[in-house]
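A quick write-up on the structure given underneath.
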Amino acid sequence: MGCLFGTILCHMATHSALSAGSKPPWSNRALGFVPTPPEIVAFMTALATPPPNTAVRVLEPACADARFLTAFLQNYGDHHRFVGVEIHAPTVATTKPHLHPAIKLIQADFLLWDTDERFDVIIGNPPYGIVGDASHYPIHLLKERKAEYKRRTATWKGKYNLYGAFIEKAVRLLQPRGKLVLIVPTTWLVLDDFALLRNFLAERGRVEVFYVGRVFPKVNVSAVVLRFTANGQGLALYDLADGTWRSVGSDSSIHPDVEKSVYRGELIRFETPMWLAFEQAGVPLGELVHIHFAARSPEFRKSGLVRTVPQPNDVPVLTGRNLKARQIDYETCYSGWWMRREDAPQLRRFYAQPHLVVGHTKGTRLVCAVDWRGYPWREEYHLIPREGVQIDWTALERYLSSEPIQEYLQKLYRDFTPHLTKTMLERAPVPPKSVFR
Ligand SMILES: C[S@@+](CC[C@H](N)C(=O)[O-])C[C@H]1O[C@@H](n2cnc3c(N)ncnc32)[C@H](O)[C@@H]1O
């Protein structure tokens, strides 16, 4: 395989405008530009092997310098049809003169691009980002197109993410039995915003997920390569994050960590028999408690109950920084806001009662502590017993802080999301006897 990758890298150097060594003119971060490392291009190209002695139609959406098409061409020949679609006009103009003549570049918004052509192979690295959102990865430039994207994308849910819309559109452009090979963030495996996407994929074909982890230098994204085969069936999940993807010669040389002959769109996790048994041995936490999020900053602001200079008997509005493992710092004011503790229930009734607070921003580590005093919180999950359930809070705090639970979360969800999600928490198993009063 070293040989195959070597070939790809060598020919990419010939045809890629990137090889010129100058700063790429398409470094347009506002459109989600992040170049794919050549070794990943090589790995993904190997996953997209076309049938022998056939000419196939290959598409690279969001192609920038068309490095996937170039690699495919160098590996499998120039007798195929090659189409790349890129929104950024200067990139298209700069790239075109450097490309092999068999590669056709189209300057268009892939999500709005209309074509009757269907493809046997769709391969690439779409942009990642939440359109027009004031988040960590905003795609401000496409803000005015958001309504149109939503209208055209059946799987759009919640804030969604541009890459989800790219997956759907690409699947719709596949020939029967066609293959899609895309590198995307891990979040779609478990977040609720991607439930429709997971169903969409499950209904239409076979889903194979190659977990590669943090392969983009200086970019804080954990990634998977999704290989989707139209009209196939089932799910396979491979753990290659230890770098084994670098030495994979063909996918027949690796074995899935999780395999399902029928896949219905459920969460995609590293479900080994041992961790499934661990999960099934307890009651899901979500059946014992309601999980609420704290009141948000605008609600505090609007309430008129908070002030920046404390008055006698005021308490600080607590944030994630006040929460430590099995301990709450009630003294330090990180939020910059103070208020009367007695007023806290006006924002959320549950603040008044002793309950368990679970950290939202501590990776997939579960950090929790009982708030016995009923302070106001601006962040974190708050666990309130369901009707008729009486919880021993100290026991639940101890159990949820224990190593087996930490390991369960780590092993099943790795670094798929930057935060512990409500769904992960709801599914965490609790041996009921240990926490009932
Ligand atoms: C993550 S980069 C990938 C670039 C290249 N394929 C690679 O792997 O190195 C994403 C590219 O998508 C382009 N892009 C962003 N939104 C797009 C859209 N709606 N349609 C087509 N291209 C888009 C950006 O300009 C950028 O070049």
* Asked: If we scan the stretch 81-88, do we find a residue that is acidic (Asp, Glu) and within 19 Å of the chain's Cα centre (by Cα)?
  -> no
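Kindly establish whether residue 183 is assigned by TED's automatic domain parsing to the domain that holds residue 221, within 12 Å of the ligand (Cβ to nearest atom) and either not in a strand (DSSP E or B) or not aromatic (Phe, Trp, Tyr) (or both). Before you say what the answer is, go through the steps one by one.
On the way: assigned by TED's automatic domain parsing to the domain that holds residue 221: yes; within 12 Å of the ligand (Cβ to nearest atom): yes; either not in a strand (DSSP E or B) or not aromatic (Phe, Trp, Tyr) (or both): yes.
Yes; evaluated as a whole, the condition is true for this residue.
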* Working only within the stretch 381-403, note down all residues that are in a loop (DSSP other than H, G, I, E, B) and within 30 Å of the chain's Cα centre (by Cα). => 401, 402
* Asked: How do the pairs read when you match residues in the stretch 364-390 that are not assigned by TED's automatic domain parsing to the domain that holds residue 410 with residues anywhere that are charged (D, E, K, R) and part of a loop (DSSP other than H, G, I, E, B), using Cβ under 6 Å and keeping only pairs 6 or more apart or on different chains?
  -> none
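Is it true that residue 423 is touching a residue at least 24 places away in the same chain (Cβ under 8 Å) and within 30 Å of residue 307 (Cβ to Cβ)?
Answer is no for this residue.
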* **From the options 45, 91, residue that is outside any loop (DSSP other than H, G, I, E, B) and either at pLDDT below 95 or away from the ligand (no atom under 16 Å from the Cβ) (or both)** => 91
* All positions within the stretch 404-420 that are open to solvent by 20 Å² or more (accessible area, probe 1.4 Å) and in a loop (DSSP other than H, G, I, E, B) -> 414, 415, 418
* **Condition check for residue 226: of a type in the set (A, V, I, L, M, F, W, C), assigned by TED's automatic domain parsing to the domain that holds residue 407, modelled with pLDDT of 95 or more and closer than 26 Å to residue 421 by Cα** => no
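Tell me which helices (runs of 4 or more DSSP H) are completely within the stretch 233-303 and hold 2 or more residues being touching a strand residue (DSSP E or B) at 6+ places or on another chain (Cβ under 8 Å) and open to solvent by less than 50 Å² (accessible area, probe 1.4 Å), or say none if there are none.
Values: elements: 273-280, 285-288, 297-303.
Helices (runs of 4 or more DSSP H) meeting the threshold: 285-288.
The values are calculated or read from the model by the stated rules, or taken from the named source; none is laboratory data. Every value quoted in this text rests on a predicted model; they were computed, and no experiment measured them. Every residue, glycine as well, gets a Cβ built from its backbone with ideal geometry; the counts of neighbours run over all protein chains shown. Accessible surface areas use protein heavy atoms only, side chains included; no ligands, DNA or RNA. Shrake-Rupley method; radii C 1.70, N 1.55, O 1.52, S 1.80 Å.
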